[in-house]
Amino acid sequence: MRDGYDEHPMNPLPPVVWLLALPIIATELFFAMGQSGLIGGAQAAGWRLDALQKFAFSPQVMRAMFETGQYPPEQMMRILTYPFVNASVTQAIFVLVFLLALGKMVGEIFSGLAVAIVFFGATILGALVYAALPFTQIGLYGGYPGDYGLIGAFTWILWTRLGQENANQLRAFSLIGALMGIQLIFAMIFGARPDWIADIVGFVAGFVLSFFVAPGGMQRTLQRLRRR
């Protein structure tokens, strides 16, 4: 038998990526069945709005918790649940595309635990910084901060490889530069929402966390610094 004959023709997605994607897929299927009248009756029309009210992250509530020193669990959990609820099917599709594509590429290098740390680390830090800014009033929902964390991890992978090849490491940031350019165009056409702040923080968090969670990441970086 030839070597590799039994190998799958396509590399499967890492299990952790499926674990992150399935809640979004299940939620959207649930909403779709409700809107089509298969379940829930007339009340199903408001399920998406109810989910956003229950699971989206509120910067105002978080600031109030900081001020009072009281942290009710039902409010604190929003910092972990908001990436799994979306305002529309379109947003959910884009979130899933980024999650599946970037999760696969990062998951081929990082362990499953490392991918989860990057995603949730970016999600949490993005929300906390977003809430720390006094002018943010709009709730945070959707998995973009976590997705941008994976973009940060993928950028770290490219940055590391380019460094090993003694190439221009700034090329690693071309993807985030292109995405920010697209966001700027959309903001000019449709108006800007402040949630892009959480996305940028998510990217930075993913890039920085990669130094600690990537295989040999911090050790490799220290070795490079010593050589300099």
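Looking only at chymotrypsin sites (Phe, Trp or Tyr not before Pro) in DSSP loops with at most 16 other Cβ atoms within 10 Å, what is the longest site-free stretch of the chain?
Within the chain, the longest run free of exposed chymotrypsin sites (Phe, Trp or Tyr not before Pro) spans 6-134.
Rounded to the nearest 0.05, what FRET efficiency is calculated for Leu49 and Leu175 with R0 set to 41 Å and r the Cβ-Cβ distance?
Between Leu49 and Leu175 the formula returns 0.75.
Just by accessible area at a 1.4 angstrom probe, what is the order of Met33, Met65 from largest to smallest?
Ranked list, largest accessible area first: Met33, Met65.
Testing the spin-label approximation: label points 7 Å from Cα along Cα→Cβ at Phe135 and Arg193. State their distance in nm.
In this crude spin-label approximation the distance works out to 1.8 nm.
For the stretch 1-160, just say rounded, prolate or oblate: build the C-alpha gyration tensor, square-root its eigenvalues into a ≥ b ≥ c, call rounded for a/c under 1.5, and beyond that prolate if a/b exceeds b/c, oblate if not.
Taking the square roots of the gyration eigenvalues as a ≥ b ≥ c, the stretch 1-160 is oblate.
Between Leu80 and Gln60, take the C-beta separation as r, use R0 = 22 Å, and let me know the FRET efficiency to the nearest 0.05.
0.75
Would you work out the charge dipole size for the chain about its Cα centre, treating the Cβ of every Lys and Arg as +1 and the Cβ of every Asp and Glu as -1, and quote it to the nearest 20 debye?
740 debye
Just to be sure I understand the rule: take each whole DSSP H helix in the chain, project its Cα atoms onto its long axis, keep it if the span is 18 Å or more and its mean Kyte-Doolittle hydropathy is at least 0.0. Which ones pass?
Answer set is 15-35, 89-107, 112-132, 144-164, 174-190, 196-213.
Grab the DSSP H runs of the chain that are 4 residues or longer, score each as -39,500 (n - 2.57), total them, divide by all residues and round the 222 nm result to the nearest 500 deg cm²/dmol.
One gets -22000 deg cm²/dmol as the mean residue ellipticity at 222 nm.
Considering the dipole of the chain built from charges on the beta carbon (Lys and Arg +1, Asp and Glu -1) around the Cα centre, which of Thr81, Gly143, Ala153 is farthest to its positive end?
Ala153
The values are calculated or read from the model by the stated rules, or taken from the named source; none is laboratory data. These numbers were taken from a predicted model, which means no experiment stands behind them. For neighbour counting, all protein chains shown are included, and Cβ atoms are generated from backbone atoms with ideal geometry for every residue, glycine included. Surface accessibility is based on the protein's heavy atoms, side chains included, excluding ligands, DNA and RNA. Shrake-Rupley method; radii C 1.70, N 1.55, O 1.52, S 1.80 Å.
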